[in-house]
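Please read the structure below before turning to the comments.
The values are calculated or read from the model by the stated rules, or taken from the named source; none is laboratory data. A quick note: this is a predicted structure, and the numbers were derived from the prediction, not measured. Backbone-built Cβ (ideal geometry, glycine too); neighbour counts: all protein chains shown. The accessibility values were calculated without ligands, DNA or RNA, using every heavy atom of the protein model including side chains. Shrake-Rupley method; radii C 1.70, N 1.55, O 1.52, S 1.80 Å.
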Amino acid sequence: NAGVTQTPKFRVLKTGQSMTLLCAQDMNHEYMYWYRQDPGMGLRLIHYSVGEGTTAKGEVPDGYNVSRLKKQNFLLGLESAAPSQTSVYFCASSYVPGTDTQYFGPGTRLTVL
Amino acid sequence: AQSVTQLDSQVPVFEEAPVELRCNYSSSVSVYLFWYVQYPNQGLQLLLKYLSGSTLVKGINGFEAEFNKSQTSFHLRKPSVHISDTAEYFCAVSPPWGGANNLFFGTGTRLTVIP
């Protein structure tokens with residue numbers, strides 16, 4: 001039981017490059033989330049999914065796209081990276097929102113030059 | 001809307017001393033409250049949560065928190081800290097109707113335990 005895994009762990013991009021972050025969970029959770037963590041700002045929700053095939057915008061969705069083609073996977077894409085997207089990205093999952101514990105992956109540290 | 005304030009960005013404390021990490025929330029309705037811990041180079045994990053019932057909530061690793069509705073606070077405490085408690089601690093709030101986009105995190109408090 002690996003829980004929530006994220007790949008890659010680190011990445012350096014140049015401005016304008018694209019990349020996809022992969023999140024996988026083996027807990028059969030319906031809900032999945034992508035957050036970014038910036039110094040002094042806590043975690044902010046980028047996008048989330050309430051089930052396979054569905055996604056929705058969170059607090060800071062601009063510049064990102066997501067897809068949930070399979071229940072266990074949640075992909076976060078950056079089509080044209082900008083330095084403002086330098087951050088640590090966390091994926092999380094839960095059975096239900098609100099009261100349920102969110103289980104987090106180990107994070108991806110992304111630097112955009 | 002709900003929001004969380006963690007006034008202390010950094011808290012240094014000597015090993016075996018007690019610690020309190022402060023969390024205040026703002027909400028016009030009742031809320032659910034959470035404390036998450038992030039150890040170095042790891043993701044967040046749940047320490048404890050308050051949904052209803054007893055205002056004193058016990059969590060993992062000897063931590064506890066007390067919900068105080070009149071002071072809109074949910075402070076985290078541990079009577080004797082260990083080196084392994086060095087981490088960043090996040091308070092979070094959610095309204096009772098839940099919602100996948102309704103969990104709001106504070107800015108975090110970095111606890112450093114000094115040997």
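Using the Karplus relation 6.51 cos²θ - 1.76 cosθ + 1.60 with θ = phi - 60°, the per-residue 3J(HN,Hα) values for segment B:49-57 come to 8, 10, 10, 5, x, 4, 7, 9, 10 Hz, with x marking Gly and Pro. Residue by residue through segment B:85-100, what is 3J(HN,Hα) from phi via Karplus (6.51 cos²θ - 1.76 cosθ + 1.60, θ = phi - 60°)? Round to whole Hz and write x for glycine and proline. Going residue by residue, I get 7, 4, 4, 9, 10, 10, 8, 9, 10, 9, x, x, 7, x, x, 5 Hz, with x marking Gly and Pro.
Below 11 angstrom from the Cβ of B:Ser80, what's the summed charge of the other residues (Lys, Arg +1; Asp, Glu -1)? Show your work: numbers first, answer last.
Values: positive: B:Arg77, B:Lys78; negative: B:Glu15, B:Glu16, B:Asp85.
Net of charged neighbours comes to -1.
Counting only protein heavy atoms and using a 1.4 Å probe, what share of the accessible area of the protein assembly as shown belongs to carbon plus sulfur, as a whole percent? Here it works out to 52 percent.
Going from most exposed to least, what order do B:Lys78, A:Lys70, B:Lys69 have by accessible area with a 1.4 Å probe?
On the way: B:Lys78 25, A:Lys70 115, B:Lys69 145 Å².
Largest accessible area first, the list is B:Lys69, A:Lys70, B:Lys78.
As a ratio to 2.2 N^0.38 Å, the alpha-carbon radius of gyration computed for segment A:29-96 takes the value 1.07.
Averaging the Cα positions of each part gives two centres, and for segment A:25-69 and segment B:18-43 these lie 20 Å apart. Neighbouring Cβ atoms from other chains, within 10 Å of the Cβ of residues in B:90-100, number 4 on average.
Solvent-accessible area per residue in segment A:1-95 equals 48 Å², computed with a 1.4 angstrom probe and all protein chains kept. Out of residues 5 or more away from B:Val81 or on other chains, whose amide H comes under 5 Å of its own, with H placed 1.01 Å from N in the peptide plane? Placed amide hydrogens put B:Glu16, B:Ala17 under 5 Å from B:Val81.
With 10 Å bins beginning at zero, the pair-distance distribution over Cα atoms of the protein assembly as shown amounts to 8, 33, 35, 20, 4, 0 %.
Amide H to amide H, with H built 1.01 Å from N, B:Thr86 comes under 5 Å of B:Val113, counting only residues 5 or more places away or on other chains. Of the residues A:Ser67, B:Asn61, A:Pro97, the one whose Cα sits farthest towards the positive end of the charge dipole of the protein assembly as shown is A:Ser67 (charges of +1 on Lys and Arg Cβ, -1 on Asp and Glu Cβ, taken about the Cα centre). If you run the Gaussian network model on chain B, springs between alpha carbon atoms under 10 Å, then out of B:Tyr25, B:Tyr39, B:Tyr50 the most flexible one is B:Tyr39.
By the rule of a C-alpha distance below 21 Å, with chain neighbours fewer than 8 residues away ignored, the lysines paired with B:Lys69 are B:Lys49, B:Lys58, B:Lys78.
Per-residue Karplus couplings for segment A:34-45, computed as 6.51 cos²θ - 1.76 cosθ + 1.60 with θ equal to phi - 60°, are listed in order as 10, 10, 10, 10, 10, x, x, 10, x, 9, 10, 7 Hz, Gly and Pro entered as x. Between B:Leu76, B:Leu103, B:Leu48, the residue with the greatest mean-square fluctuation in the GNM of chain B (Cα pairs under 10 Å linked by springs) is B:Leu103.
The value obtained for segment B:1-42, namely the Cα convex hull volume divided by the number of residues, is 117 Å³ per residue. Compactness of segment B:17-69 is given as radius of gyration and Dmax, 12.2, 36 Å, from Cα positions. Each 5 Å bin from zero up to the one holding the largest Cα-Cα distance in segment B:10-115 carries the following percent of pairs: 3, 13, 24, 25, 18, 10, 5, 2, 0. Could you compute how fast segment A:1-63 diffuses translationally, taking Rh as the Kirkwood radius over C-alpha pairs and applying Stokes-Einstein at 20 °C with viscosity 1.002 mPa s? Give it in µm² per second. For these conditions, the coefficient is 159 µm²/s. With a 10 Å cut-off around each Cβ of A:31-40, the average count of Cβ atoms from other chains is 2.
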